[in-house]
Amino acid sequence: MTSLLPQTAPPPLQSEDHGAYRPLSPLKKRARRIDRILTYVPLALFLVFTLVPFYWMLLFAFRPTGSTSLVPWPITFEHFETVWNGSGFGIYFKNSLFVAVMSLLTSTVVALLGGYALARFKFRGKTLFLVAMLCTQFVPGAMMLIPLFEIFNAVGLTNSLWSLIISDTVFHLPLSLILMSGFIRNVPVELEEAAWVDGCTRIQAFRLVVLPLLKPGIVAVGSFAFISAWNNFLFAIMFISSQDQFTVPVGLSYLLGEFGADFGALAAGGVIAIIPVVLLFAYVQKFLVQGLSAGAVKG
Amino acid sequence: MTVITPNRPGRLTQPEANARLRRLYPYFLIGPAAILTLVFLVYPVGSVFYYSLQNSNVTQPWNDGFAGMDNFVALGQDPLFWRSLTFTLQWVVVEVGLQFIFGLALALLINKTFVGRAIARSLVFSPWAVSGILTTTIWILIYNPSTGVGRYLADIGIGEYGVSLLSGSGTTFWAVVLAEMWKGIPFFAILILADLQSVSLELYESADVDGAGTWRKFLSITWPHIRQAVVVAGLLRAVWEFNNVDLLYTLTGGGPAGATTTLPLYVAQTAIHDRDFGYGSALTVVAFLILTFFSLVYLRITKSKEDDK
């Protein structure tokens, strides 16, 4: 493992930009070559470590049962047919998508409202509210299962996808709120004040001035919420009992349960589970880094 | 909506009424979040504290009732509790430490300019979005003795055939650590990279003029700049690694023979599998107190260093 670590002294940042227009002495040329090696070699190791596991799953998903080839050729879709129709992943996929999209919507709306309050107002109970939010993060999710189950039971939501939407939204709320309030704080308050002076109400000013500037924040918070709801396993396996309400992670855990039986089907299930999040992630990861870079992480 | 209360002596003037409305504004906005938090987070946490003082075991309903500190006394004498606590600390320290080191290295690498940077970035960050159960799925495929990576390595003469990394007593821990690192390194890398990108390049340029070396620049410019992000990321990750059970639950089930059971996993087994909710709640309260104490100490230490600057 230690081989993945680049040499203790990380190469200088942006060093390639420096002195680009000056003729380089042989010594400097050598330094640049070494610098390039120190970039590409560790990077290649990181890429191998990241991608081999993904490749391994694709390999099992697309190669025929019993094959030991290291390339998925001849390619087969039999495992996908098995899990999509036979194991019910078609239904699980639809359920997961519903839960994730609804969690995205509720999280974004609640976080926009609350985040605005945290960013723009001083009010009594604000600190208490933040501390309560923080404290709830220290309780293992596993332990919330029973009280939550009792609540959902009382309101008749057990075995309903809504129990997952609510619990995913709530568990994710502290992060959504803090992120969103960070993004809102980054929108200069002067812009809003200018809009008030021009006769806008607070709501109009928010809609016309703040909201358009908040797009990266909304994308980041929404996709965080989508991904965490899509990935949630613990609540889904505890609150949902009938197979037609299963989500993809629950389906996967049942495939894992029949351990050793069918690696091809397991891998195909994994590929189905990964597609939406990886596509979404590829799209938002730039927003994510930019958004966090803007200071949101400092709350 | 009007907040003017007519039965009060002396009606409010319009500006006064507006001022009152404005004071209530934040409460309307925070309302949905507060209600959701109260009902679905604060109430359940409260009930956990309540049950920690109760005997509440579905398999022994005749014992149910007030227990006082009995659950906590029992906990002090429970070897499984102490073992799971020790393992949790080991797990959190090893995971957070390794993820931080490699995450920092990855962030520094990605922050450089090189060909193919955007694609490399998307690729190396992608495990961040992968769930615990999916990580398990992937690493089961890798570790299984018959068709896993080990078999192909054995084909070319590295290692032996038929080694099951997930059930050997010495190898299980590191096998799980590796799988969790795969998923966790991008978290640190993303948070640190976000901060690195706001370092002013002029600082490095003037350091170059002053003849500062690579290591000097890292210590004097980069590190002070990203310190706060590292502190925050470290705390978030430690709490997450402490609490999250998805991977361990599905990859090893806490085994072999309880060797990879963290405290929350022990809680889940006690409360859900054994149906002893009172004792499970007591375990949770202890876990909660440990995390709170740890976070306070951690923030105090890192904060005081911040003030020294």
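The values are calculated or read from the model by the stated rules, or taken from the named source; none is laboratory data. Everything numeric here is computed off the predicted structure, so don't read it as measured data. Don't worry about glycine lacking a Cβ; one is built from the backbone with ideal geometry, like all the others, and counts go over all protein chains shown.
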> Across the range B:240-260, what is the number of residues that are surrounded by 19 or more Cβ atoms within 10 Å (Cβ to Cβ) and either touching a Pro at 6+ places or on another chain (Cβ under 9 Å) or of a type in the set (A, V, I, L, M, F, W, C) (or both)?
Replying inline: 8
> Can you pull out the residues in the range B:102-111 that are within 7 Å of chain A (Cβ to nearest Cβ) and crowded, with 22+ Cβ neighbours inside 10 Å?
Replying inline: B:Phe102, B:Ala105, B:Leu106, B:Leu108, B:Leu109
>> Just checking, does the range B:80-101 include any residue being closer than 21 Å to A:Thr39 by Cα, assigned to a helix (DSSP H, G or I) and at the interface with chain A (Cβ under 9 Å from one of its Cβ atoms)?
In response: yes
>> Going residue by residue through the range B:133-140, is there one that turns out to be surrounded by fewer than 21 Cβ atoms within 10 Å (Cβ to Cβ), at pLDDT 90 or above and under 20 Å from the mean Cα position of the chain (by Cα)?
In response: no
> In the set A:Phe93, A:Phe98, A:Phe123, A:Phe149, which member is of a type in the set (A, V, I, L, M, F, W, C) and under 30 Å from B:Ala19 (Cα atoms)?
Replying inline: A:Phe123
> Which condition number in (1) aliphatic (A, V, I, L, M); (2) farther than 24 Å from B:Val92 by Cβ; (3) touching a Gly at 6+ places or on another chain (Cβ under 7 Å) is the one that B:Leu201 fails?
Replying inline: (3)
> From the residues in the range B:199-248 that are assigned to a loop (DSSP other than H, G, I, E, B) and within 28 Å of B:Trp174 (Cβ to Cβ), which one is nearest to the other protein chains (Cβ to nearest Cβ)?
Replying inline: B:Val245
>> If I ask for residues that are within 25 Å of A:Phe138 (Cβ to Cβ) and either touching a Gly at 6+ places or on another chain (Cβ under 8 Å) or surrounded by fewer than 22 Cβ atoms within 10 Å (Cβ to Cβ) (or both), which ones from the range B:204-232 would you list?
In response: B:Arg227, B:Gln228, B:Val230, B:Val231, B:Val232
> Can you name the residue in the range A:69-85 that is in contact (Cβ under 8 Å) with a residue 40 or more places away in the chain and away from every other protein chain (no Cβ under 14 Å) and is also farthest from A:Leu175 (Cα to Cα) among such residues?
Replying inline: A:Glu78
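Condition check ((1) free of Cβ contacts under 8 Å to residues at least 40 places away in the same chain; (2) farther than 18 Å from B:Thr250 by Cβ; (3) more than 7 Å from chain A (Cβ to nearest Cβ); (4) part of a loop (DSSP other than H, G, I, E, B)) across all residues:
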{"position": "B:Ile142", "(1), (2), (3), (4)": "yes, no, no, no"}
{"position": "B:Arg151", "(1), (2), (3), (4)": "yes, yes, yes, no"}
{"position": "B:Ala154", "(1), (2), (3), (4)": "yes, yes, yes, no"}
{"position": "B:Tyr161", "(1), (2), (3), (4)": "yes, yes, yes, yes"}
{"position": "B:Ser164", "(1), (2), (3), (4)": "yes, no, yes, yes"}
> Going through the range A:234-244 one residue at a time, which ones are touching a helix residue (DSSP H, G or I) at 6+ places or on another chain (Cβ under 7 Å), surrounded by fewer than 24 Cβ atoms within 10 Å (Cβ to Cβ) and closer than 22 Å to A:Ala267 by Cα?
Replying inline: A:Leu234, A:Ile237, A:Asp244
>> Can you pull out every residue in the range A:71-90 that is farther than 19 Å from A:Ala273 by Cβ and touching a helix residue (DSSP H, G or I) at 6+ places or on another chain (Cβ under 7 Å)?
In response: A:Ile75, A:Thr76
> Are there any pairs, at least 6 apart or on different chains, whose C-beta atoms fall under 9 Å, with the first in the range A:268-285 and facing chain B (nearest Cβ under 9 Å) and the second crowded, with 19+ Cβ neighbours inside 10 Å and of a type in the set (D, E, K, R), and if so, which?
Replying inline: A:Gln285/B:Arg121
> When the range B:272-284 is examined, which residues are found to be touching a helix residue (DSSP H, G or I) at 6+ places or on another chain (Cβ under 7 Å), in contact (Cβ under 8 Å) with a residue 12 or more places away in the chain and more than 14 Å from B:Asn243 (Cβ to Cβ)?
Replying inline: B:Asp276, B:Phe277, B:Gly278, B:Tyr279, B:Gly280, B:Ser281, B:Ala282
> Taking the range A:86-134 as the region of interest, how many residues are facing another protein chain (nearest Cβ under 7 Å) and within 30 Å of B:Leu283 (Cα to Cα)?
Replying inline: 3
> Which of the residues belonging to the range B:213-250 are among the basic types (Lys, Arg) and farther than 16 Å from B:Gln90 by Cβ?
Replying inline: B:Arg216, B:Lys217, B:Arg227
>> Take the residues in the range A:222-248 that are β-branched (Val, Ile, Thr) and either assigned to a helix (DSSP H, G or I) or under 9 Å from the mean Cα position of the chain (by Cα) (or both); name whichever of them is nearest to A:Met102 (Cα to Cα).
In response: A:Ile227
> Name the helices (runs of 4 or more DSSP H) wholly within the range A:119-221 that hold at least 1 residues that are under 28 Å from the mean Cα position of the chain (by Cα), crowded, with 19+ Cβ neighbours inside 10 Å and in contact (Cβ under 8 Å) with a residue 12 or more places away in the chain?
Replying inline: A:126-136, A:141-154, A:161-185
>> Scan the range B:180-198 and tell me whether some residue there is facing chain A (nearest Cβ under 10 Å), exposed (fewer than 15 other Cβ atoms within 10 Å of the Cβ) and assigned to a helix (DSSP H, G or I).
In response: no
>> Just to be sure I understand, how many residues within the range B:47-79 are of a type in the set (A, V, I, L, M) and in a helix (DSSP H, G or I)?
In response: 4
> Which of the following residues is touching a Gly at 6+ places or on another chain (Cβ under 9 Å) and either at pLDDT below 85 or not assigned by TED's automatic domain parsing to the domain that holds A:Arg185 (or both): A:Met133, A:Met143?
Replying inline: A:Met143
>> Of the conditions (1) among the aliphatic types (A, V, I, L, M); (2) over 23 Å from the mean Cα position of the chain (by Cα); (3) not in a loop (DSSP other than H, G, I, E, B), A:Val71 satisfies every one except a single condition; which number is it?
In response: (3)
>> Just to be sure I understand the filter: pairs with C-beta atoms under 6 Å, separated by 6 or more residues or on different chains, first member in the range B:63-86 and surrounded by 11 or more Cβ atoms within 10 Å (Cβ to Cβ), second member part of a helix (DSSP H, G or I) and of a type in the set (Ser, Thr, Tyr). Which pairs pass?
In response: B:Asn71/B:Tyr279; B:Ser84/B:Tyr266
>> I need every pair where a residue in the range B:28-53 that is more than 8 Å from chain A (Cβ to nearest Cβ) and farther than 22 Å from A:Ile165 by Cβ has its Cβ under 6 Å from the Cβ of a residue that is surrounded by fewer than 22 Cβ atoms within 10 Å (Cβ to Cβ) and polar (S, T, N, Q), sequence separation at least 6 or different chains.
In response: none
